[in-house]
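A short worksheet on the structure shown next.
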Amino acid sequence: MQPQPTGLIYAYAALEPPLGKGDRQKDGQQVYTWIASTARPDGNGNIFDLQGWELETYRKNPIVMAAHNWGSLPVAKTVYINIDIAKQALIAQIVFATTPTALEIQQLVDGGFLCAMSAGALPIESEPRFDDQHHIIGTHYHRQSMRELSLVPVPANTETLRIASLLADRDEAQAIRASLHILKETLWTTKPSI
């Protein structure tokens, strides 16, 4: 494994958006819970080790962008992010800003039109992935430093499981456990197609 140059990489995960106006409230704002990344190979053949996510830098500036558009202002911020190794998921909870663009994106999420999240990261340690004929089929990222999260219309991994909606009338912890159980069961029983 070699240290990587400083080009951004992206890890994508999709899930069904929360029903209604968010999963719960925090300080009067709606909080949305997302699976931000998994260890499943994405459509580009890349794998991001969950244990390899370095979140310290991101937690100092927890921005959520629209489609990785760094030329615009953030549309949301992350209020919670954590790696759940047992559940094989990077979980993020976000709240939207009150700008016109952010409110438009929040409406797209609430309406089920925008359902995917992507993690933008700087690679630290990785190695190429090979198929049986020794052709490169992607990269296995062992360590990566998160820089931003983005809500995206088209994730790299189109086969990523769409998690059942987190219902507003459920206990939040119970809803997250139920969704992660569905994710874990699917990851263990579904073969990735690369």
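Listed values, structure above:
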| item | result |
| --- | --- |
| Single condition Phe48 does not satisfy, out of (1) over 29 Å from Phe130 (Cβ atoms); (2) aromatic (Phe, Trp, Tyr); (3) at pLDDT below 95; (4) within 14 Å of the chain's Cα centre (by Cα) | (1) |
| Considering residues of region 80-126 that are in a loop (DSSP other than H, G, I, E, B) and under 16 Å from the mean Cα position of the chain (by Cα) only, the residue nearest to Trp34 (Cα to Cα) | Cys115 |
| Residues that are open to solvent by less than 10 Å² (accessible area, probe 1.4 Å) and at pLDDT below 80, drawn from region 22-40 | Gly22 |
| Filter result for the condition that a residue is at pLDDT below 95, buried (at least 19 other Cβ atoms within 10 Å of the Cβ) and not charged (D, E, K, R), over Ile91, Ile81 | Ile81 |
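The values are calculated or read from the model by the stated rules, or taken from the named source; none is laboratory data. Here the structure is a predicted model, which means the values were calculated and not measured. Methodologically, a virtual Cβ is constructed for each residue, glycine included, from the backbone with ideal geometry; neighbour enumeration extends over all protein chains shown. Surface areas here come from the heavy atoms of the whole protein model, side chains and all, with no ligands, DNA or RNA. Shrake-Rupley method; radii C 1.70, N 1.55, O 1.52, S 1.80 Å.
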